[in-house]
Every structure is written in C-alpha cells, then in structure tokens.
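The structure appears below as structure tokens.
Taken together, the values in this text are just the output of simple stated rules run on the coordinates, not laboratory data. This is a predicted model, so every value here is computed, not measured. Backbone-built Cβ (ideal geometry, glycine too); neighbour counts: all protein chains shown.
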Amino acid sequence: MKKEELLEELVNGGYLKTESIIEAFKFVDRKNFVLEKDKDSAYENYPLSIGYGQTISQPLTVAFMLELLEPRKKEKVLEIGTGSGWQTCLLAYLVSGGEDNGGRIFSIERIPELKEFANKNISQNYPDFQRYITLIEGDGSLGFDKEAPFDKIIVSAAAVKIPETLKKQLKVGGRMVIPVGESILSLDKISEDEFKTKEFFGFSFVKFIGAD
Ligand code: SAM
C-alpha cells in the first residue's frame, strides 16, 4: 500500500477524523520508524516487528488511540512503550504544533535497545522534535513522578489492570488511554479519586510488563 492509500483507508474507516491528527500522520512518516527490511511494508495496516519480541503498532490502533486521547497544543503527555518512537513523534507534532509552546512528551521504554532505536529514528528524521521529547528507560507502570501530573497518559502495551500509580500521576481534568486485555479504555479523571471510563472492545496488543 502507498502512504496516501493508508491514510484514505484510515479516514474512510472512521479511525482518523481530526484535521490535526490527519496532518500529524502525513508529517510523521511510518517508513522512518520500521526496520530497513520492512521499508516496503511501512504503509501496510498491520503491526511490524521491531525486534526484541516487540512491534511498531498497527496504524489503525494508533489512529484510534490518538483520536481518543485528543492531544492538544501545550499539553504535557506521558507515553508508555516508546517502541520505534513513531507515536512519540506524532504526539510531539500535536502538542507542539511546530513551535516551542511548552508542550512536552515524556516517553518510557523498558527495553534499552528499543529506547536507542527510537532515539536514532527521532534524531535522524525529526531533529527539531528532540526538544519536545524526553526518552526514559525504565518500567512505565511506575510512571514518571518527576514530571507528574500529566494532562494526558497513553499506554501502548496491554495491561491486566490499570496501574494505580498512573491514575495518581494524571491531572484532574486529564485523560488516560490504556489497553487492558483486548479492550482500549479511556479514563477521564473527574476528581482525585473519581474516573469516568469508556471501553472499546476488539484490539490486540503486546503485553505490558511492569511492577504495578
Ligand atoms: N507505539 C509504539 C510504536 O508504534 O512503535 C508501540 C510499541 S510496542 C506495541 C509496545 C512497547 O511497550 C514495547 O516496545 C515494549 O517494550 C513496551 N513496554 C511494555 N511494557 C512496558 C513497561 N512496563 N514500561 C515501558 N515500556 C513497556
């Protein structure tokens, strides 16, 4: 498939809706985040291996989760599961709008080699985004206390339950999008201990492996 065909499929399927997210998908090219041997398959609507038993996510899933998250300019976002760095750059595009307005992405990856892979993909292809992105090696289930609270939190691997630490590190008024089992959950934090949850069935993810 060509890049334009993938975008058309995501728009026509109702997965991509918001103008800024469509623009982000055009600007941040998935081809820059797949392994050399998979460059010809970069615009296929399925996950691709990035080594270490992990994948760059399926475009449909990334589109669906970003539409749910509604990232806005100037927001501080915590991403868990950097992987290739593709979604990290999509988020950086959305919170920055192309200028340094204070919007920041903090992205945690537990596999050191993948953190390095993402770092290389970002620095070689989107060097301007480096100032909006902080890559962290570690267990994302513990969040990133140093920068909490976050406007938004997005998790790219399926948990068995929602880590309490992540709930605490979300701002009141903020939103977390997280796969649990084969569903994607969207949680709006209404007050310190109240969440409004929506569930969307029928997705498949690599496992979230963490202490919490
Ligand atoms: N959005 C990424 C992309 O498109 O490249 C997705 C990468 S993959 C589907 C999910 C990633 O989550 C993997 O790289 C995996 O190592 C990472 N992961 C799993 N559990 C984690 C944890 N507890 N903390 C940080 N990263 C974790």
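Quick notes on this one:
- Antiparallel DSSP beta bridges within the chain, percent to nearest 5: 45
- Loop-located GluC sites (Glu not before Pro) in the range 1-49 (DSSP state not H, G, I, E or B) with no more than 16 neighbouring Cβ atoms inside 10 Å: E44.
- Close amide H partners of G181, meaning residues 5 or more places away or on another chain with modelled amide H under 5 Å apart, are A159.
- q = 0.10, 0.12, 0.13 Å⁻¹, the chain: log10 I(q)/I(0) [Debye, one scatterer per Cα]: -0.37, -0.55, -0.66
- Taken one residue at a time, the phi angles of the range 143-154 give Karplus couplings (6.51, -1.76, 1.60, θ = phi - 60°) of x, 9, 3, 4, 10, 5, x, 10, 5, 9, 10, 10 Hz. Gly and Pro are set to x.
- Computed per residue of the chain from DSSP H runs no shorter than four, each worth -39500 (n - 2.57), the mean residue ellipticity at 222 nm is -8500 deg cm²/dmol.
- When every Cα-Cα distance of the range 1-119 is counted in 5 angstrom steps from zero, the calculated P(r) takes the values 2, 12, 22, 25, 20, 14, 5, 0 percent.
- Cβ-based net charge around L142, under 15 Å, with every Lys or Arg adding one and every Asp or Glu removing one: -3
- Under Karplus coefficients 6.51, -1.76 and 1.60, residue-wise ³J(HN,Hα) of the range 24-35 in Hz, glycine/proline x: 4, 4, 6, 6, 8, 7, 4, 4, 6, 10, 9, 5
- Cα centroids of the range 183-199 and the range 89-125: 25 Å apart.
- Exposed loop sites here mean trypsin sites (Lys or Arg not before Pro) with a DSSP loop assignment and at most 13 other beta-carbon atoms within 10 Å; the chain contains its longest site-free run at 75-160.
- Between the range 134-161 and the range 1-40, the alpha-carbon center distance in angstrom: 25
- Global size of the range 147-200: 10.2, 29 Å for Rg and Dmax (C-alpha atoms, Rg to one decimal, Dmax whole).
- Relative to the current alpha-carbon distance between E137 and S123, full extension at 0.36 nm per residue lengthens the span by 3.4 nm.
- Around E192: net Lys/Arg minus Asp/Glu count, Cβ-Cβ under 11 Å: +2
- Percent antiparallel among DSSP beta bridges (both partners in the range 49-165, rounded to 5): 10
- Couplings 3J(HN,Hα) for the range 55-70, derived from phi with the Karplus relation 6.51 cos²θ - 1.76 cosθ + 1.60 (θ = phi - 60°), are 9, 7, 5, 5, x, 4, 5, 4, 4, 4, 6, 5, 4, 5, 5, 6 Hz, where x marks Gly and Pro.
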